[in-house]
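Step one of this worksheet: look at the structure below.
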Amino acid sequence: MDDSDPFAAPHRLPSSTRPLLGLTILVVEDSRYACEAMRLLCLRSGARIRRADCLKSARRHLQLYRPSAIVVDMGLPDGSGADLIEEIAGANPRIGVILGTSGDDCAQEAAIEAGADGFLEKPVTSLATFQETILSLLPADRRPCGPRVLQDEIVRPDPLAYQDDMAHVADVLSDQDDEKALDYVAQFLGGVARAADDHTLAAAAAGLAQARARGTPVAADAARVAGLVQDRLERRKAI
């Protein structure tokens, strides 16, 4: 199925104020906070959004319909986003726009090598950047006609979505014997904390990542991360 489902609204033409009207964007993202930002960007742009939080869920979505565009996080709980990008880039028919996204400086090259058309660097909060990235890769007949005023708006996700991410990390950290889980936590928290301007947690996540990369003991770094995550969950209870 192309672009939607049997119950979707009829195709509508994009406009200068809603340039992505009529498009369906599948966002493959495990962070609730990052996905909330993408939801707001799609809402402001007129696009419908579907979400998958892992590779398995994304593949299930893609068996049912073909979105207009897909945005794939490069670090997912069950594998690398590059693997999914490579799969869909080689599929026939191909999804019109394939984008990778990450807060990791090295991830863009991996996304492009896997077959992505472009890349969105996290945090993705600029409406103008989001729209221009997708519009530049769409066929001419899917773009709005005439001049368009760039909306230089910054979206701000609901803080409760950040709390959901903290709860997710707490669940992952409950299995302290899984070393791969620590790598995932460091990568996940690094991106989410930077997006939320949580500099203390971002620094702790970076410290955990560096300790794992060096092969040095990580108990102290993991405990610091776990404590900061728990502190943020306690704030949710207070609210």
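The values are calculated or read from the model by the stated rules, or taken from the named source; none is laboratory data. These numbers were taken from a predicted model, which means no experiment stands behind them. All Cβ positions, glycine included, derive from the backbone under ideal geometry; neighbour counts span all protein chains shown. Note: accessible area is taken over every heavy atom of the protein model, side chains too, but ligands, DNA and RNA are not part of it. Shrake-Rupley method; radii C 1.70, N 1.55, O 1.52, S 1.80 Å.
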### Query
Once the piece of chain linking residue 78 and residue 220 is laid out straight, how much longer is it, given 0.36 nm per residue of separation minus the C-alpha distance between them?
48.5 nm
### Query
What ³J(HN,Hα) values, in whole Hz, does the Karplus curve 6.51 cos²θ - 1.76 cosθ + 1.60 give for the stretch 13-30 when θ = phi - 60°, with x put for Gly and Pro?
7, x, 10, 5, 8, 10, x, 10, 4, x, 8, 10, 10, 8, 9, 9, 8, 8
### Query
How would 50, 60, 232, 39 rank on accessible area, largest to smallest, probe 1.4 Å?
60, 39, 50, 232
### Task
Please quote Rg/Rh for the chain to two decimal places, taking the Kirkwood radius as Rh and restricting both calculations to Cα atoms.
0.99
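How far, in nm, would the chain grow between residue 137 and residue 210 when pulled straight, counting 0.36 nm per residue and subtracting the alpha carbon separation?
Working: separation 73, 0.36 × 73 = 26.28 nm, distance 3.62 nm.
Full-extension gain reported as 22.7 nm.
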### Message
Can you give me the long-range amide H partners of residue 50? Hydrogens built in the peptide plane at 1.01 Å from N, cutoff under 5 Å, separation of 5 or more residues or another chain.
### Response
25, 26, 27
### Radius of gyration and Dmax over the Cα atoms of the stretch 70-205, both given in Å
16.9, 58
### Summary
Per-residue ellipticity at 222 nm attributable to helices in the chain (runs of n ≥ 4 DSSP H, -39500 (n - 2.57) apiece, nearest 500 deg cm²/dmol) works out to -15500 deg cm²/dmol
### Whole-number accessible area per residue in Å² for the chain, which is evaluated in the context of all protein chains at 1.4 Å
51 Å²
### Query
By accessible area of protein heavy atoms, probe 1.4 Å, what ranking do 86, 132 get, highest first?
86, 132
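Excluding residue 123 itself, calculate the net charge of residues whose Cβ lies under 10 Å from the Cβ of residue 123, where each Lys or Arg counts +1 and each Asp or Glu counts -1.
On the way: positive: 122, 194; negative: 121, 197.
For residues surrounding residue 123, the net value is 0.
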#### Entry: Taking N as its residue count, the alpha carbon Rg of the stretch 46-128 over 2.2 N^0.38 Å
1.02
#### Entry: Label-point separation, residue 235 to residue 109 (7 Å along Cα→Cβ), nm
3.5 nm
